[in-house]
1. Looking at chain B as a GNM with Cα springs under 10 Å, which of B:44, B:206, B:104 has the largest mean-square fluctuation?
2. When B:144, B:88 are ordered from fewest to most other Cβ atoms inside 10 Å of their Cβ, what list results?
3. If I take R0 = 60 Å and measure r between the Cβ atoms of residue B:128 and residue A:242 in this structure, what FRET efficiency does the formula 1/(1 + (r/R0)^6) give, to the nearest 0.05?
4. Rounded to the nearest 500, what is chain A's calculated 222 nm mean residue ellipticity when only DSSP H runs of at least 4 contribute -39500 (n - 2.57) each, over all residues?
5. Any chance you could run the full-extension gain for residue B:20 through residue B:270? It's 0.36 nm times the residue separation minus the Cα-Cα distance, nm to one decimal.
6. Run the numbers on segment B:133-281 and let me know its relative contact order in percent, using alpha-carbon pairs under 8 Å that are six or more apart.
7. Working from Cα positions, state the angle (0 to 90°, nearest 10) between the long axis of helix A:175-192 and the longest principal axis of chain A.
8. Rounded to the nearest 0.05, what FRET efficiency do residue B:61 and residue A:180 have when you use their Cβ-Cβ distance and R0 = 60 Å?
Amino acid sequence: MDNKIQINAAGKVFSTDRQDVVALQDVNLSIGANEFITFVGASGCGKSTLLRCIGGLETLSGGEIRVNDRVVDGPGVDRAMVFQNYSLYPWLSVVDNIKFSRRLKVNREGATSSEVEVASGRADALLSLMGLAHVSKAYPNQLSGGMQQRVAIARALLPKPEILLMDEPFGALDAQTREVMHDLILHLFNLEKTTIVFVTHDVEEAIYLGQRVVLMAPRPGRIDTIYEVPLPDKRDQEMKLSPEFIALKKQILSRIRETSGMHTNQDLLERMTRQAEDSVSI
Amino acid sequence: MSVNASYSGIRTQSFLRQLWRRLWTIRGYLSQKEFLLFAAVGMLVPFAAWWFLANSGIMDKVFLPSPMDVLLRIYHWFEDDDLVGDAWISIYRVTVGFLLSAVLAVPLGIMIGTYRPIQAIFEPLTDFIRYMPAVAFIPLVMLWVGIDEGSKIAIIWIGTFFQMVLMVAEDVRRVPMAQIEAAQTMGAGDEEIVSLVIFQSAKPALLDTLRITMGWAWTYLVVAEMVAANSGLGYAILKAQRFLQTDKIFAGIILIGLIGLIMDQLFRLAHRKSFPWLYKK
Ligand SMILES: Nc1ncnc2c1ncn2[C@@H]1O[C@H](COP(=O)(O)OP(=O)(O)O)[C@@H](O)[C@H]1O
Ligand SMILES: [Mg+2]
């Protein structure tokens, strides 16, 4: 597998007036071309920070990130990003949202008319692929949350990015919609041959989508364990019930509990239960 | 009393109780008819009270003219005097002062809300000047600008510009970061982000800001015209006081209120026409 993204000794410290937060410490990772890699971990372990550093929205305090062997020093059209929400432009129709990147200088300069035509055809193709053709003239706030995220994904895919960075893109959706979106994104992944870096706090989602699952741990934010997912590349919902899936899910969940330093205080729970019972008996 | 009658009596009672409960629900619902009914009560009761008080003879006409007197006065002002001219010069002053504010405040506010150093340079100063009463600048303005049109416009400008800058900056700061970052990851340059994302996203809030500051512009206009003018609605009110024409004072105040209301409604109409996505659900 060729290396698409190479992360070397990446570190990130957020300095606020009160304290320094080590969001990333000594992160090392290679991500292959056409790989679907997912990141999980307790909240605050630096998943978003790492993704934003790859995307060029945040600069590292130490180390480097290379994409196609070039050091990242800002956002670029080779890396598209999908956010959890509020990233669509409410004043533009669905189709104009999707075509937004075509209005930008980077894509207009040097584009021949045939290229523009191809891009226009691609917008239509993405609309129907995403099941958005019938709402292409609607405004985003007329759509459900799931449909809005489809628009956001289509918009990110329009300029054919090599890398798709997704930060909890389905975090605000209900469980059923999320399942539909999972199969849609897997379908797109097979079709578009992009590299997908996907951040989530949902372990099941991470396993179902990823070829590898990277578990991060907090304070300081770092990579804890990398799991290979023992499932065939072609996924279906039934696999969530397979022994391999369940075993991996258990393993990751218990590791998250160990690393997050958050455990339920059994004694305290029992004491509170006893107190509650006592007060009832009085 | 028959069984039937008492039954329907109970029914009516429970209907009224339900209606009462529905009307006084927190954040409840009112049909359009009900809304108009309550609105009519809210408008007519004070008007009727005014009419009654003025015509009952409890109060001297010099202090409280009746609605009819005021209407007649407006008519005579229009027919025999120069109502249109007075209103026109006032509208002109407000519009010019307001536009001068907007033309400068919108770009400056966008820059303040976008770039931190510009915020640090301008915002504390603007905040400070904002708390200086615009009216207190009148003597200074007369000294510097004189007593012609410029002074009235200058006072409106002082009263609205600094407020407007801060409100525009706040509108711009409310643009969600995700909208800006999405554009950055699509390869947009800073100029494109300001013009294609920040400005577009803030537009509805900006129009609301303009609508609100327009209302303040009228307040400062009237003050300016009362102190330093010999034309306009504010001046007409002041002159009426000298001649004890209380009905004309009333007429002037009502006319200013009406013009303000019309302008406000025009802004709201423009809002609905310009930003259809906010009204389609
Ligand atoms: N802009 C910022 N300024 C200060 N601290 C930040 C900033 N962004 C993130 N952090 C801190 O960095 C740590 C990692 O955050 P984040 O990457 O958002 O975690 P995750 O996405 O895994 O929940 C957290 O402790 C968070 O408070
Ligand atoms: Mg996060």
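1. Sorting by GNM fluctuation, first place goes to B:44.
2. In order of increasing Cβ crowding within 10 Å: B:144, B:88.
3. Details: r = 68 Å, r/R0 = 1.13.
The value I calculate is 0.35.
4. Values: 9 runs with 107 residues, N = 282.
Roughly -11500 deg cm²/dmol at 222 nm, from the helical runs in chain A.
5. Working: separation 250, 0.36 × 250 = 90.00 nm, distance 3.73 nm.
Full extension from residue B:20 to residue B:270 adds 86.3 nm.
6. On the way: 114 pairs, mean separation 37.2, N = 149.
Averaging sequence separation for qualifying contacts and normalising by length gives 25 percent for segment B:133-281.
7. The angle comes out near 50 degrees.
8. Details: r = 75 Å, r/R0 = 1.26.
So the FRET efficiency works out to roughly 0.20.
Each reported figure results from applying straightforward, stated rules to the coordinates on display, with no laboratory input. Computed from a prediction, not measured in an experiment: that's the story for all the values here. Using ideal geometry, Cβ is built from the backbone for each residue, glycine included, and neighbour counts are taken over all protein chains shown.
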